[in-house]
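The block underneath contains the structure these notes are about, expressed in structure tokens.
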Amino acid sequence: MSHQTHTVRLASPGMGDEEVAAAEAVLRSGDLVQGEQVAAFEAELAAVVGTRHAVAVSSGTAALFLSLRALGIGAGDEVIVPDFTFPATANAVEETGARAVLVDVDLKTLNIRAEAVTAAAGERTRAVMPVDLFGRPAPWGRLLPLADGLGLEVIEDSACALGAELTGRFCGSFGRMGILSFHPRKVVTTGEGGAVTTDDEELADRLRLLRNHGMQRDEDGVRFASLGMNYRLSEVQAAVGRVQLRRLPGFLARRRALAAVYNEALAGAPLLLPADPPGARHSYQAYVVVLPDTTDRRRVMQGLGARGFETAVGTYAIHSLDYYKRKCGLADGLFPDSTAAALRTLALPLHPGMTDEDAASCAAALAGAL
């Protein structure tokens with residue numbers, strides 16, 4: 001296999017002429033906010049996920065925060081959150097005034113442990129926020145009946161999992177609300193942007209108020225029915241998102257094909273590889289491996305970078321971040337798998353613009369480094 005002579009990016013937004021044309025058409029129309037494109041994008045997104053409603057907002061983080069606000073979660077409440085996730089999941093809880101109760105994950109799946117939810121639930125616990133991390137569905141077959149038995153609301157952080165599915169049901173449809181992100185590293189992007197998906201019409205209406213200053217229009221004109229802020233998605237972003245959604249089947253097929261190349265090439269390496277759980281299809285928003293515990297991840301990343309392969313850490317152990325260390329003072333050893341994942345996960349390049357040879361070459365370089 002030839003030595004890399006170009007940089008293989010970690011991720012790529014996959015923008016093309018159709019997206020540019022869609023954005024230009026909106027800009028020329030002069031209709032830039034809360035118009036036909038946003039409404040159409042929401043309808044098309046709900047159809048893809050399989051929910052009755054999708055409410056587009058300015059980011060995935062805004063979607064997390066607004067979902068909690070829509071449920072009235074705030075000071076004095078607790079929300080169970082996996083310790084290994086991007087900080088936005090826990091931060092959204094803390095920003096409401098509620099407390100993020102952190103629980104460990106399973107190192108083999110990198111997703112929340114169902115049994116940890118039972119152990120963490122208390123009198124003040126209002127909700128659990130599982131994450132379909134990197135596009136792998138959480139263990140919903142165990143989580144949903146467990147949450148129901150505990151009387152907990154379920155908010156599904158499916159920011160990475162658009163197009164992922166479990167037993168024929170798409171991620172974003174498992175919880176009372178699902179959260180999507182359209183950041184450039186996600187499967188579908190609008191630059192920045194997000195959405196909340198739900199079957200609950202009352203919650204959808206509440207979310208629309210919260211994202212738009214609490215504003216309602218009726219026969220008497222405009223009134224402000226509740227508190228709210230500006231968390232709107234623009235018409236330009238929605239137009240780009242509609243084009244990206246049409247390309248979603250191709251994006252997913254290519255990501256899964258590249259993951260298969262990685263899986264075959266790395267089958268003999270001393271790594272934990274991502275995989276589809278039984279009855280599930282991973283979206284492969286990211287291809288994240290777990291390195292052996294004796295491996296110097298920084299040196300591996302530097303070596304791959306020298307060969308032209310961009311990599312990144314998987315994500316973070318929330319309890320180890322400065323804010324949570326100061327506030328919670330959690331003892332070392334409470335989250336062994338999350339801690340190990342934070343130190344040992346490595347995201348390899350994966351996006352539809354890559355070739356099979358790119359993936360095979362990166363796998364060979366990683367296997368050599370190990």
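Worth pointing out:
- Here ARG126 clears all of (1) buried (at least 24 other Cβ atoms within 10 Å of the Cβ); (2) assigned to a strand (DSSP E or B); (3) more than 14 Å from the chain's Cα centre (by Cα); (4) not small (Gly, Ala, Ser) except the condition numbered (1).
- Of all residues in segment 254-264, none are touching a helix residue (DSSP H, G or I) at 6+ places or on another chain (Cβ under 8 Å), part of a loop (DSSP other than H, G, I, E, B) and not assigned by TED's automatic domain parsing to the domain that holds ALA46.
- Restricting attention to segment 52-108 and to residues that are of a type outside the set (A, V, I, L, M, F, W, C) and closer than 20 Å to PHE41 by Cβ, the residue that is nearest to the chain's Cα centre (by Cα) turns out to be GLY60.
- Residue pairs whose Cβ atoms lie under 9 Å apart, sitting 6 or more positions apart in sequence or on different chains, and linking a residue in segment 262-286 that is farther than 19 Å from LYS186 by Cβ to a partner that is aromatic (Phe, Trp, Tyr) and in a helix (DSSP H, G or I), are LEU273/TYR262.
- Residue within segment 234-248 that is over 18 Å from LEU68 (Cβ atoms), without any contact (Cβ under 8 Å) to a residue 60 or more places away in the chain and in a loop (DSSP other than H, G, I, E, B) present: no
- Matching residues, segment 329-370, being of a type in the set (A, V, I, L, M, F, W, C), in contact (Cβ under 8 Å) with a residue 40 or more places away in the chain and outside any helix (DSSP H, G or I): LEU330, LEU334, PHE335, LEU346, ALA347, LEU348, LEU350, MET354, LEU370
- Taken together, the residues in segment 89-108 that are touching a residue at least 40 places away in the same chain (Cβ under 8 Å), crowded, with 19+ Cβ neighbours inside 10 Å and more than 15 Å from CYS328 (Cα to Cα) amount to 3.
- THR190 surrounded by 15 or more Cβ atoms within 10 Å (Cβ to Cβ) and either of a type in the set (Gly, Ala, Ser) or part of a loop (DSSP other than H, G, I, E, B) (or both): yes
- Only one of the listed residues (LEU203, LEU227, LEU207) is among the aliphatic types (A, V, I, L, M) and part of a loop (DSSP other than H, G, I, E, B). That residue is LEU227.
- Residues that are crowded, with 24+ Cβ neighbours inside 10 Å and in a strand (DSSP E or B) were ranked within segment 129-165; the one that is farthest from the chain's Cα centre (by Cα) is ILE155.
- Selection within segment 254-304 - hydroxyl-bearing (Ser, Thr, Tyr) and buried (at least 22 other Cβ atoms within 10 Å of the Cβ): TYR262, SER283, TYR284, TYR287
Quick grid of which residues meet (1) out of contact with any strand residue (DSSP E or B) (no Cβ under 7 Å at 6 or more places or on another chain); (2) more than 29 Å from LEU166 (Cβ to Cβ):
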| residue | (1), (2) |
| --- | --- |
| GLU264 | yes, no |
| ALA269 | yes, no |
| LEU272 | no, no |
| ALA275 | yes, no |
| ARG281 | no, no |
| GLN285 | yes, no |
| GLN302 | yes, yes |
| GLY305 | yes, yes |
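- Residue among ALA347, ALA340, ALA317, ALA360 that alone is in contact with a Gly (Cβ under 9 Å, 6 or more places away or on another chain), surrounded by 14 or more Cβ atoms within 10 Å (Cβ to Cβ), at pLDDT 95 or above and not basic (Lys, Arg): ALA347
- ALA119 meets each of the listed conditions (1) part of a strand (DSSP E or B); (2) out of contact with any helix residue (DSSP H, G or I) (no Cβ under 9 Å at 6 or more places or on another chain); (3) small (Gly, Ala, Ser) apart from (1).
The values are calculated or read from the model by the stated rules, or taken from the named source; none is laboratory data. Keep in mind that this is a model prediction, so the values were computed, not measured. With ideal geometry, Cβ positions are generated from the backbone for all residues, glycine too; neighbour counts draw on all protein chains shown.
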